[in-house]
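The next block holds one structure in the form of structure tokens; read it before the comments.
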Amino acid sequence: MSETIIRQLEMTGPDERRLLDLTSQNLIGTPMLRPDGPLKVAGRATYAAENLPEGAAFGVLVRATIPKGRVVSLDEDGAKANEGVLGVFSGEAFLRNPAQGGAGQAPVQPDGEVSYLGQPIALVVAETYEQARHAAYTMAVDYAQEQDAAFDPEAEDTPVERPDAKQLDQGNLDAAMSAAAHSVDVTYRTTPDSSAPMEPHASVASWDEEGTLTLRGSYQMLQLNKKELADAVGVGPDKVRMLAPYVGGGFGSKLGIAPEAVAAALAARELERPVAVVMTRQHVFEMTVRRSETRQRFRLCADADGRLSGFGHESRVSNLPGESFSEPVAMTSHFLYSGENRQVAHEIARVNRTCAGSVRAPGEAPGLMATECAMDELAEACGLDPIEFRKRNLPQTQPENGTAYGTRQLAECLEQGAARFGWDARQARGARREGEWLIGLGVATAARTNMSSPAKARVTLRENGSALVETDMTDIGTGTYSILTQIAGEMLGLPPERVEVRLGDTDFPPGSGSGGSWGAGSTGSAVLLACEAVREGICLRMGVRPGELSLKDGEAVAGNQRARIEELTADGPIAATGDFKPGTASQQRILASYGAHFAEVAVNAVTGEPRVRRMLGVFSAGRILNARTARSQCLGGMIWGVGEALLEDLVHDPRDGHIVNHDLAEYHVPVNLDAPEIEIAFLEEREDWANPLQSKGIGELGICGAGASLLNAIYNACGVRIRDLPATPDKILAGLIEQEAKGGLPAAV
Ligand code: MOS
């Protein structure tokens, strides 16, 4: 390499250079096809468990069959008496609850302690998968069971914590409620959910003679996962290499390492041969993370003009004792709507259920589900159209501390969505009927806090005139391969076929990982910065100034000079590393992506069955990098909204807390017939405060508020307000019957 350049950028203010508006390859924002698409459909993009090294043994996790207590003994000898069994692994380092990806350290977990039914307590390894499974499922385990387990987050004797940092009291909400012209005091309940990724959690571990661990797995944030794994197995991070070039969905369940990674690594070290541990579908449901159920009470009040005077949001969520994560349902309550008198209260019930953790849009997904229904209820109480009511209550500055907003085209999303969807055809509730079907329209706001994460990427302009992008960033189905190809191609004036993107290998510079919708903005920025430095390298070789350079289709032009890229790299490649750091910019502006959901739902007046007819999402998320993958993200998120509002419910047995519906047959996610015609539109936007791409997060935006638009449409269709999710036909029917008994719908508003 003739040059090694590092280009760093820390976001301490806006980046108003808007470099991607100055280039001419015209790749950014196009619906470019995924470079990994053909590999995936042809089965050539291999996932973790499809790449077994020579001589691999197979491990199967043993699940606890008590909800609380200690493992006294494992019948290891009995297990080893089975044909093919090589060993049983448990002990101090064995990971019982999944890590959460945050601190980059595996959680400390007392040896042998059981805190939920289904928790992994050991690994049995054998020559074949079937041998390991048989021995794991039949191994005798002695427990000392404790009788004081808590299963119900709402029960009187369940321990509850109220962390000080998650409470807010501003003004006087009680007084505002009593003085208000209009108010609602309503409680919503959302269900526990599973992330249910298509690819089960899997890890294949092998150690070389120098004591270096290679782990091929299915993970979202390799930079942190590597540290967690090193910490758990007691080696330095430099002794761990993780590979995850393709990941079949994560949705938060792969942010941190799951128990199978540590188990595979420990067993492989001991046995001195590679060990593969692939979770079963049931294991994924039980042993990774679930989304907490929530109880959310809203006390909202407004003056006679429908202007919020008070906003109160009290929530209760749950997690295992000692776990630091708690579903942050009040995230948008701090900045979305106005109201001088504000209260946020947050409680965590300590229950013996599968560990709760991040699931797509942690916080906003269940939070906005309830907020946007409660806002619909207050709009009606005020006699206002729900869109007008929301627009009237957008604060000028953050209502708690006066921070300025970044780009926020929420009103525009609502207005443009209304026009596209035909909102003016909406009738009073219960007024539109087609035979047995009552038809309603609903609306809800989408909002998701924009986050960034440190990220590095290396870009090399090679002798043959093509570019190579390397980072340990992952593509969990989101389109990372696509957008990094586009950013590098755009910045270096290369068509996509001359850009190669390599991901998911910790030998590459550490990217941001995929989480919190920050992947594209953070790692994309690192690629942009590296390319900016490579452009300067080109200028040096041409003897021109950066301002003069223009790159397109593999040709560099500056003044009257003109050269092919491969001529410029003939003497050696030009390489640079981009280093993106989130700075104080995110404290100077409230940065969030926004949108508006519109839904048309038909409710059967005889059976209570809801049928989603069509949905529209209009979003503003800064610069859109790829129209196709951005649309797919929002589409997928909105379908999650259908699931969360109408179908999904992870059922815990009230007697022992175990998950009853731990597979895709019993845990109902939407199938094609449940997913209606969905239209997606984006508004043009540049967010200079977020990153040098001017983009904002999009991966989790689509789910935020989507379900509320359906519940609001159900209410508009038939007058039944479902506050206890999911809105299944039995609940809607019960509402219809109750309404009938009271003499039908009250006078429409
Ligand atoms: Mo996300 S729930 O941060 O993968």
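Tabulated data
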item: Some residue of segment 410-423 being hydrophobic (A, V, I, L, M, F, W, C), farther than 30 Å from Q119 by Cβ, in contact with a Ser or Thr (Cβ under 9 Å, 6 or more places away or on another chain) and not in a helix (DSSP H, G or I); result: no
item: Enumeration of residues in segment 448-483 that are closer than 20 Å to G636 by Cβ and either in contact with a Gly (Cβ under 7 Å, 6 or more places away or on another chain) or more than 16 Å from the ligand (Cβ to nearest atom) (or both); result: R448, N450, M451, M473, T474, I476, G477, T478, T480, Y481, S482, I483
item: Residue tally, condition of a type in the set (A, V, I, L, M), assigned to a helix (DSSP H, G or I) and touching a helix residue (DSSP H, G or I) at 6+ places or on another chain (Cβ under 9 Å), over segment 245-288; result: 5
item: Qualifying helices (runs of 4 or more DSSP H) (wholly inside segment 27-141; at least 1 residues being under 30 Å from D553 (Cα atoms)); result: 37-41
item: Close pairs from segment 517-528: first modelled with pLDDT of 95 or more, partner within 14 Å of the ligand (Cβ to nearest atom) and part of a helix (DSSP H, G or I), Cβ under 9 Å, at least 6 apart; result: S517/Q633; G519/T480; A520/T480; T523/T480; G524/T480
item: Some residue of segment 357-365 being at pLDDT 95 or above and part of a helix (DSSP H, G or I); result: yes
item: Residues that are of a type outside the set (D, E, K, R), closer than 24 Å to R390 by Cβ and surrounded by fewer than 22 Cβ atoms within 10 Å (Cβ to Cβ), drawn from segment 276-329; result: A304, G306, P328
item: Close pairs from segment 215-231: first within 15 Å of the ligand (Cβ to nearest atom), partner part of a strand (DSSP E or B), Cβ under 7 Å, at least 6 apart; result: S218/A202; Y219/M242; L222/M242; N225/M242
item: Residue in segment 56-64 that is without any contact (Cβ under 8 Å) to a residue 60 or more places away in the chain and not hydrophobic (A, V, I, L, M, F, W, C) present; result: no
item: Residue check for R433: farther than 21 Å from L683 by Cα, touching a Gly at 6+ places or on another chain (Cβ under 6 Å) and charged (D, E, K, R); result: no
item: Matching residues, segment 328-356, being more than 15 Å from the ligand (Cβ to nearest atom), over 27 Å from Y715 (Cβ atoms) and assigned to a loop (DSSP other than H, G, I, E, B); result: E340, V351, N352, R353, T354
item: Positions within segment 674-716 being surrounded by fewer than 24 Cβ atoms within 10 Å (Cβ to Cβ) and among the acidic types (D, E), in sequence order; result: D674, E677, E679, E684, E685, D688
item: Which numbered condition R241 fails, given (1) more than 15 Å from the ligand (Cβ to nearest atom); (2) closer than 30 Å to C382 by Cβ; result: (2)
item: Flag for E286 being of a type in the set (D, E, K, R), away from the ligand (no atom under 16 Å from the Cβ) and under 18 Å from the mean Cα position of the chain (by Cα); result: no
item: Residues of segment 600-655 satisfying the condition of being among the acidic types (D, E), crowded, with 19+ Cβ neighbours inside 10 Å and more than 29 Å from Q282 (Cβ to Cβ); result: E600
item: Complete set of residues in segment 587-621 that are more than 30 Å from V499 (Cα to Cα) and either at pLDDT below 95 or part of a loop (DSSP other than H, G, I, E, B) (or both); result: L591, A605, V606, T607, G608, E609
item: Among (1) over 28 Å from the mean Cα position of the chain (by Cα); (2) under 30 Å from P654 (Cβ atoms); (3) of a type in the set (V, I, T) - the single one T4 does not satisfy; result: (2)
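The values are calculated or read from the model by the stated rules, or taken from the named source; none is laboratory data. The shown structure was predicted, so the numbers you read here are calculated from the model rather than taken from an experiment. Here Cβ is always computed from backbone atoms with ideal geometry, including for glycine, and neighbour counts include all displayed protein chains.
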